[in-house]
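Take a look at the structure below.
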Amino acid sequence: MALMLVKFDLKKRVKLAQTVWFMYWFAVMAGVLVFSMGLFFKIELRKRSELMDNNESHFLPNLLILMGLIACGINALGGKICYDSLDPSKFVKWKPILKTFLMVCIGFNVLLFVTGLLCFLMRIPLQFTLAEGLRNGMKFYKDTDTPGRCYMKRTLDLMQMEFRCCGNDNYRDWFEIQWVSNRYLDFSAKEVKDRIGSNVDGQYLMDGVPFSCCNPSSPRPCIQFQMTNNTAHYSYDHYTEELNVWRRGCREALLSYYGGLMNTIGAMVVLVTLLESAVTIGLQYVDSSLSTLANPEDPESESEGWILEKTVKETFTDIMDKMKAMGKGSKVEEGGEAAAATVS
Amino acid sequence: MPFMPVKFNLPKRVKLAQGLWMIYWLSVIVGILIFSLGIFFKIELRKRSEMMDNNESHLVPNLLILVGLLACGVNAFGGKVCHDSLDPIKFAKWKPMLKPYLLLCCGFNALLLLTAMLCFLMQFAVYLTLAEGLKNSIKFYKDTDTPGRCFMKRTLDMTQIEFRCCGNNNFRDWFEVQWISNRYLDMSNDAVKDRVLSNVEGKYLMDSVPFSCCNPGSPRPCIQHHLTNNTAHYDYDHRIEELNIWTRGCREALFSYFSGMMNSIGVLVIATIILESVDMAGLKYLSTALETMEDPENPECESEGWLLEKGVKETFSELFAKLKTLGKTNQVEEGADAQEAAT
């Protein structure tokens, strides 16, 4: 008893082939979409790779690009097969590879689903990479004369302005590191010597933040320096001041950006997986309906189409038997060789 | 002697009709493009209308939107006529409308030419509006508690950050206005009182700029205050320092952005004029080729197509003669009326 049997006449077969051909072209466009999303994600990771210590994992975007290309190829081939299925002479040349092609499609669908799951799961390693990278990014903010790190300041400033964030967890992270280069500190000044002498590492720490932390929506000009000193500024209370600098930390801002991106891409990949499953089932129907023509010479004869030739249980037992037979076949051969070896 | 006659047989006519139909659909797409560019331009003007004192002229984007819609309609109609031209029965119903339609297309081309010229010329108006608007914006930067102007600070800060510019002409414009609100100035402080008294208008002026003027590409943390005082900062010479804050003025930055946009749109409109002229010439050829068929019953006969029935000079002299007769008819009528009135 076949799984989900459907009876076909010529008109129904033609309609099925045309519909599946249409769906294959949608699937090709979906493959292009997956490819371009992978490319976009890769570019976004590269743009901020400095902030992730240049060791972010490009595994997921590379996988998406590969999946997109394979999807385009497989779906274009499937569309061609559907197009040729209406002409018996052309379809004959595709018949032998159709079963293998369907197996490949099923394998590809599973892989695509796994990719979709990965999109949701890879958020966690990204979180750790971002935390580490941002901490180092802030540490190297002042090294504008060190080759290889001289653009860290600009990258960090532009990122804080674009994502409206300040520091790693919040703006107080800037109080814990020296973010002014020694080249611009006057070491003969008493104030500088005091500050450097006041901590173990000999760093020039201050309760100030870079200008990129400033919030343009604040009604007063930005207070960057002496932020914890209420008397240094008129009518200022740093406990209640909310609009002066960005309050969000950049790790949270970047993570929510990339997390949103990965969630969207993951949802799209799952949808593409559903589309691919639908076209695979459609192709199976086309194949089975053309193979079971009651009268092979007459194109107008009736036929049947199905998803599986036997029921699910029977198909699985068939597959298990086949695998056992293959295993036994190897054993018999080994036994035969051992017997031959002992005899001779 | 017709102007630029071309002989047609059936395959040539069919090819002309099909080619013309495709060009008409291309023109519809170009019309949609002009419409969307008009909307984009309008949105950009609205986004920065605060910088232009809310009195920028929306003539060019409105005209572009209108022209885009008209182009879509005119070209879709032309495409339909071409599509029907291969079938004599369908084409018969379009025949009487062709002459007025071609005149309409001529008028539309003139409108397109006007639009292109406006795109290039209105840039002067934009420049003047920007200069005035930015000056006022800088003046109102501090009024974050005045309703109607409370977002000026944010808008100006975001503009300076996005366009990488500072002040109107350059950063020194900030030295001439008070950009800190009085609410955040401690009027009992001696330093503040000195500054306020040091100028006629009682404004708190200083040689500082807002943080949005800062250049992230500078190797040292941004120096915003005491910009002209070399001794206030270690290893600083304000005469040779180039990377600290943006050196370009916002008027120049905004103007180059808008003028680039208007120039591109103007070039596109000129390309549309050329495309529309090609459309008109093709339609004229097609309609004359279908009218001059020797044997109307036989679709496979030969015919001739042209742009003008007589030469260019003769057509113009005929046009003038027509206009003159129109005028003379009026005069004759007046004379007859006067005679009747007299008798």
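Structural remarks
- Relative contact order (%) - criterion: Cα under 8 Å, at least six apart; region: chain B: 26 percent
- Any cysteine of chain B lacking a neighbouring Cys Cβ under 4.7 Å - listed by number: B:Cys72, B:Cys82, B:Cys105, B:Cys106, B:Cys119, B:Cys150, B:Cys301
- GNM top mover of B:Asp157, B:Asp145, B:Asp173 - chain B, alpha-carbon springs below 10 Å: B:Asp145
- Tilt relative to chain B, helix B:250-291 - C-alpha long axis, 0 to 90 degrees, to 10: 10 degrees
- Distance violations [Cα-Cα > 30 Å] among A:Lys93/A:Lys313; B:Lys90/B:Lys328; A:Lys15/A:Lys95; A:Lys90/B:Lys12; A:Lys11/A:Lys95: A:Lys93/A:Lys313; B:Lys90/B:Lys328; A:Lys90/B:Lys12
- Residue (of B:Tyr141, A:Val269, B:Leu128) at the positive-pole extreme of the protein assembly as shown, dipole from beta-carbon charges: A:Val269
- Counting heavy atoms of the protein chains alone, A:Lys328 has an accessible area of about 130 Å² for a 1.4 Å probe.
- Across the accessible surface of region A:3-94, with the other protein chains kept in place and a 1.4 Å probe, carbon and sulfur atoms take up 72 percent.
- Taking each DSSP H run with n ≥ 4 as -39500 (n - 2.57) and averaging over every residue of chain A yields -21500 deg cm²/dmol at 222 nm.
- The figure for B:Met97 is an accessible area of roughly 90 square angstrom, using a 1.4 Å probe on the protein chains alone.
- A:Glu252, B:Glu304, ranked by accessible area, largest first (probe 1.4 Å): A:Glu252, B:Glu304
- For region B:1-127, the equivalent ellipsoid derived from the alpha-carbon gyration tensor has semi-axes of 39, 15, 12 Å in decreasing order.
- When A:Glu132, A:Glu162 are compared by accessible area at a 1.4 angstrom probe, the order from most to least is A:Glu162, A:Glu132.
- Taking every protein chain into account, the 1.4 Å probe leaves A:Ser36 with about 50 Å² of accessible area, to the nearest ten.
- Cross-link reach list, aspartates and glutamates versus B:Lys95, counting only Cα pairs under 13 Å and skipping chain neighbours closer than eight places: B:Asp84, B:Asp87, B:Glu291
- Largest-first principal axis extents, alpha carbons of region A:22-92, Å: 59, 17, 10
- Rounded to the nearest 20 debye, the dipole size of region B:94-160 about its Cα centre is 160 debye, using +1 on the Cβ of Lys and Arg and -1 on the Cβ of Asp and Glu.
- Once the 1.4 Å probe is applied to the protein heavy atoms, region B:49-199 comes out at 50 Å² accessible per residue.
- Top of A:Cys105, A:Cys82, A:Cys222 by mean-square fluctuation, Gaussian network on chain A, Cα under 10 Å: A:Cys222
- Across A:Phe108, A:Phe163, A:Phe316, mean-square fluctuation computed from a Gaussian network of chain A (C-alpha pairs under 10 Å connected) peaks at A:Phe316.
- Shown for chain A: cysteine residues without a partner Cβ closer than 4.7 Å, namely A:Cys72, A:Cys82, A:Cys105, A:Cys119, A:Cys150.
- Net charge contributed by nearby residues that have their C-beta within less than 14 Å of A:Asp145 (K/R +1, D/E -1): +4
- Sorting B:Leu69, A:Leu158 on solvent-accessible area from highest to lowest, probe radius 1.4 Å, gives B:Leu69, A:Leu158.
- With Cα atoms, 0 to 90° folded angle of helix A:250-291 axis to chain A main axis: 10 degrees
- Legend: distances between Cα atoms for B:Lys142/B:Lys193; A:Lys190/B:Lys153; B:Lys99/B:Lys310; A:Lys12/A:Lys310; A:Lys12/A:Lys99; A:Lys99/A:Lys322; pairs beyond 27 Å are A:Lys190/B:Lys153.
- Dipole axis of chain A (+1 Lys, Arg; -1 Asp, Glu on Cβ), positive-most option in A:Ser289, A:Met37, A:Thr19: A:Met37
- For the chain pair B and A, buried accessible area totals roughly 2300 Å², probe 1.4 Å, rounded to the nearest 100.
The values are calculated or read from the model by the stated rules, or taken from the named source; none is laboratory data. The shown structure was predicted, so the numbers you read here are calculated from the model rather than taken from an experiment. Methodologically, a virtual Cβ is constructed for each residue, glycine included, from the backbone with ideal geometry; neighbour enumeration extends over all protein chains shown. Surface areas here come from the heavy atoms of the whole protein model, side chains and all, with no ligands, DNA or RNA. Shrake-Rupley method; radii C 1.70, N 1.55, O 1.52, S 1.80 Å.
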